[in-house]
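Peer 1: Below you'll find the structure I mean.
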Amino acid sequence: MTVERTHAVETSLDLEGLLHAILTCVTAGPGLGFNRAVLFLADDAERQLVAAMAIGPSSPEEARTTWSQLAEERATLDKLLQQPLCDGRKNAFRARVEGLSIPLAETPSHSRGGNPLLKAYRNRLVVKIADPASLRDLSADLREVLDGTEVVCVPLVAKERSIGLIIADNAYSQAPIDEQRVQLLQLLALLAGLALDNARIYKQLERQAGQLKRTLEELRSTQEQLIHSERLATVGAVVARVSHEIRNPLTTIGGFARTLSAHPDEIERVARNANIIVEEVEKLEALLKEMLDFTSTRQPALEPTDLNRVITGLANVHRDELGERQVTLDLDLAPDLPDVFADRHQIQRVLLNLWQNALQAMDDVPEGKGRVLSVRTWRDRNALKMSFADTGGGIAPTALPQIFTPFFTTKQRGTGLGLAVVKKIIDDHRGTIEVRNQQAGACFIISLPIER
Amino acid sequence: MARILIVDDDDNQRLLYRELFEEEGYEVVDASDGRQALVCIERDPPDAVILDINMPGMDGLQTLARIHDLNRRLPVILHSAYAAYQDQFVSWIADAYVTKSSDPEALTQAVRAVLAKKPAEG
């Protein structure tokens, strides 16, 4: 058997094509040269063997024409293997065989030693049957097809398991089936079994790939739905929080406005309440500004900035507040730091925000239990770093990953925009900000590039 | 003269409702968080409590539960800028839930209603 032949059998993964290739090898003159061959495959439940492919002429006349034609064409096996499946010459016999089946169920056999086809299949043996038409174990249809000829049956085996049967004969030439042919057929059946198993696995893989693809598509659409509903939920949360932040000042403004109109003559009271109204309006304006800042696309106005001076400036402005809240400020600023290119006002906002967060976090620390705000600066290669550490107990680990997410907040008051704005400003400066919990509280570390 | 305790962390709102209820003829005390409120109630129980929900530290709903433990007969009106707290079942033990509004009518009405319902002492 040539290398090409076995190659054609082994590499074909599409089942129809493979079955056709196997039987072409069995029947072609340049192959094993049997007159006809039928290939049966066990069905999935292994209840019966079903005719899956057949090659051969359907009558002596057809046999003569076909063979002389092939002889004239000097058809090689390669050429035959490449012939299209729907070649008219093969169809009549194939149509006759199509639908034939051999039940695999154990039924009392009419033959001595049992049904020889089943024996070939079950025991993985090559069986020669001299006169199949006389075998009452075979169905009438099958007996009719195999009438008047000696046949040979070889099992198709894959991974130590029978998967089918090839039945071949020389119905027209009536040439005896010699031992050499049988051995070659056996060898071919061995390769065919492996190839069929490959094809089965391939088909299974294809089916699984299809299933995976469908699952993936389902996942994608579920994900899209999730993103959509999450977006709606976020919008809902934002609306709830913002409306709360607006309603409080509005309630106060409206309430005091009513007292103004009810008592316009009480000058002192009017003045006091008008001041309160102004205060509340300022709160609303601050809220509006925070929201607009967050959505603004203004680029930072970069200029050489002395980070240490910004920090000491902030500390000086808020020194009284530190005293009131009984917070100790621990400044550890590296001397001789180079300037960073930064937007001074934006950096001030960042520091103020972290500063206020730290002080608020320490409000619940009992007095005298150490409320310490530590601010450090240092140089780390091409970056200036500063850290803000408090002793307020830290941030809940569940909240940590979301701390910079817009509208996320752990506070009763606040829009949840503070740290989102901080992150945005640092991002705009091509810097980084990270947060972690230390022994006593939270620590924010900012890194800003020194070079522009 | 009935005494009302106003609990709210917003200074200006405490001022507003103090003015409002004093004008209506009530005696007013106030507290800026839940803890202070509980101290006031233990020291000298008022006739009704107006309780904000969103407050730092012990929030209004937690405070409500504590008040309920302390004195089941003390009428409490929850007063919030946020209507959705009514979904939290602890809010149901309050005698009324009023959403904050620039029109104080709903709040004053609620106060009148809970005081009228309150069983006479002794």
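Peer 1: Just give me the residues in segment B:43-74 being in contact with an Asp or Glu (Cβ under 9 Å, 6 or more places away or on another chain), β-branched (Val, Ile, Thr) and closer than 15 Å to residue B:30 by Cβ, in sequence order.
Peer 2: B:50, B:63 - these are the residues of segment B:43-74 that are in contact with an Asp or Glu (Cβ under 9 Å, 6 or more places away or on another chain), β-branched (Val, Ile, Thr) and closer than 15 Å to residue B:30 by Cβ.
Peer 1: Additional query: Please determine whether any residue of segment B:79-90 is closer than 23 Å to residue A:258 by Cβ, surrounded by fewer than 21 Cβ atoms within 10 Å (Cβ to Cβ) and in contact (Cβ under 8 Å) with a residue 24 or more places away in the chain.
Peer 2: Looking for residues that are closer than 23 Å to residue A:258 by Cβ, surrounded by fewer than 21 Cβ atoms within 10 Å (Cβ to Cβ) and in contact (Cβ under 8 Å) with a residue 24 or more places away in the chain, one finds at least one in segment B:79-90, hence yes.
Peer 1: Hey, another quick one. Give segment A:327-350 a look and list any residue that's within 16 Å of residue A:421 (Cβ to Cβ) and out of contact with any strand residue (DSSP E or B) (no Cβ under 8 Å at 6 or more places or on another chain), or say none.
Peer 2: If the condition is that a residue be within 16 Å of residue A:421 (Cβ to Cβ) and out of contact with any strand residue (DSSP E or B) (no Cβ under 8 Å at 6 or more places or on another chain), then A:345, A:346, A:348, A:349 are the ones that fit.
Peer 1: Turning to a different aspect of this structure: Find the residue count for segment A:253-269, including only residues that are in a helix (DSSP H, G or I), within 17 Å of residue B:20 (Cα to Cα) and more than 9 Å from every other protein chain (Cβ to nearest Cβ).
Peer 2: Adding up the residues that qualify gives 3.
Peer 1: OK, next. Output the qualifying pairs, or none if there are none: Cβ atoms under 7 angstrom, residues six or more apart or on different chains, first residue in segment B:38-54 and closer than 14 Å to residue B:8 by Cα, second residue of a type in the set (Ser, Thr, Tyr) and surrounded by 20 or more Cβ atoms within 10 Å (Cβ to Cβ).
Peer 2: B:38/B:63; B:50/B:17; B:51/B:63; B:52/B:80; B:53/B:80; B:54/B:80
Peer 1: In segment A:270-293, is there at least one residue being outside any helix (DSSP H, G or I) and either under 27 Å from residue A:424 (Cα atoms) or within 9 Å of chain B (Cβ to nearest Cβ) (or both)?
Peer 2: To start, the set of residues in segment A:270-293 that are outside any helix (DSSP H, G or I) comprises none.
Scanning segment A:270-293 turns up no residue that is outside any helix (DSSP H, G or I) and either under 27 Å from residue A:424 (Cα atoms) or within 9 Å of chain B (Cβ to nearest Cβ) (or both).
Peer 1: In this structure, is residue A:243 exposed (fewer than 10 other Cβ atoms within 10 Å of the Cβ), of a type in the set (Ser, Thr, Tyr) and within 14 Å of chain B (Cβ to nearest Cβ)?
Peer 2: Numbers: exposed (fewer than 10 other Cβ atoms within 10 Å of the Cβ): no; of a type in the set (Ser, Thr, Tyr): yes; within 14 Å of chain B (Cβ to nearest Cβ): yes.
Here the answer is no, as residue A:243 does not meet what is asked.
Peer 1: Just to be sure I understand, how many residues within segment B:107-117 are surrounded by fewer than 14 Cβ atoms within 10 Å (Cβ to Cβ) and within 17 Å of residue A:255 (Cα to Cα)?
Peer 2: Selection size over segment B:107-117: 1.
Peer 1: Inside segment A:172-200, can you point out the residues that are outside any loop (DSSP other than H, G, I, E, B), surrounded by fewer than 13 Cβ atoms within 10 Å (Cβ to Cβ) and either of a type in the set (D, E, K, R) or not assigned by TED's automatic domain parsing to the domain that holds residue A:162 (or both)?
Peer 2: If the condition is that a residue be outside any loop (DSSP other than H, G, I, E, B), surrounded by fewer than 13 Cβ atoms within 10 Å (Cβ to Cβ) and either of a type in the set (D, E, K, R) or not assigned by TED's automatic domain parsing to the domain that holds residue A:162 (or both), then A:179 is the only one that fits.
Peer 1: Which condition number in (1) part of a loop (DSSP other than H, G, I, E, B); (2) within 25 Å of residue B:9 (Cα to Cα); (3) touching a residue at least 60 places away in the same chain (Cβ under 8 Å) is the one that residue A:440 fails?
Peer 2: (2)
Peer 1: Looking at this structure, is residue B:4 under 12 Å from the mean Cα position of the chain (by Cα), over 22 Å from residue A:244 (Cα atoms) and not in a loop (DSSP other than H, G, I, E, B)?
Peer 2: yes
Peer 1: If you go through segment B:33-48 one residue at a time, do you hit one that is of a type outside the set (Lys, Arg) and on the phi > 0 side of the Ramachandran plot?
Peer 2: no
Peer 1: Something else about it: Tell me, please, whether a residue that is buried (at least 16 other Cβ atoms within 10 Å of the Cβ) and within 14 Å of chain B (Cβ to nearest Cβ) can be found in segment A:224-240.
Peer 2: Checked against the condition, which is being buried (at least 16 other Cβ atoms within 10 Å of the Cβ) and within 14 Å of chain B (Cβ to nearest Cβ), segment A:224-240 yields at least one hit.
Peer 1: Report yes if residue A:168 is closer than 29 Å to residue A:103 by Cβ and in the same structural domain as residue A:54 (by TED's automatic domain parsing), otherwise no.
Peer 2: yes
Peer 1: OK, next. Could you tell me which of the residues A:433, A:425 is under 33 Å from the mean Cα position of the chain (by Cα) and under 16 Å from residue A:342 (Cα atoms)?
Peer 2: After applying the criteria, what remains is A:433.
Peer 1: While we're on this one: Tell me which of these residue B:9 doesn't satisfy, since it passes every other one: (1) within 13 Å of the chain's Cα centre (by Cα); (2) of a type in the set (Asp, Glu); (3) in a helix (DSSP H, G or I).
Peer 2: Unmet for residue B:9, out of (1) within 13 Å of the chain's Cα centre (by Cα); (2) of a type in the set (Asp, Glu); (3) in a helix (DSSP H, G or I): (3).
Peer 1: Counting just the residues of segment A:294-326 that are acidic (Asp, Glu) and out of contact with any strand residue (DSSP E or B) (no Cβ under 8 Å at 6 or more places or on another chain), which one comes out farthest from the other protein chains (Cβ to nearest Cβ)?
Peer 2: Checking each candidate, the answer is A:306.
Peer 1: Give the residue, chosen from A:157, A:182, that is closer than 13 Å to residue A:41 by Cβ and β-branched (Val, Ile, Thr).
Peer 2: A:157 is the lone residue from the list that is closer than 13 Å to residue A:41 by Cβ and β-branched (Val, Ile, Thr).
Peer 1: Can I ask one more? Of the numbered conditions (1) of a type in the set (A, V, I, L, M, F, W, C); (2) surrounded by 13 or more Cβ atoms within 10 Å (Cβ to Cβ); (3) at pLDDT below 90, residue A:307 fails exactly one; give the number of that condition.
Peer 2: Against the list (1) of a type in the set (A, V, I, L, M, F, W, C); (2) surrounded by 13 or more Cβ atoms within 10 Å (Cβ to Cβ); (3) at pLDDT below 90, residue A:307 comes up short only on (3).
Peer 1: Out of (1) closer than 17 Å to residue A:352 by Cα; (2) at pLDDT 85 or above, the odd one out for residue A:289 is which?
Peer 2: Of (1) closer than 17 Å to residue A:352 by Cα; (2) at pLDDT 85 or above, only one is false for residue A:289: (2).
The values are calculated or read from the model by the stated rules, or taken from the named source; none is laboratory data. Please read all numbers here as calculations on a predicted model, not as lab measurements. FYI the Cβ positions are ideal-geometry reconstructions off the backbone, even for glycines, and counts take in every protein chain you see.
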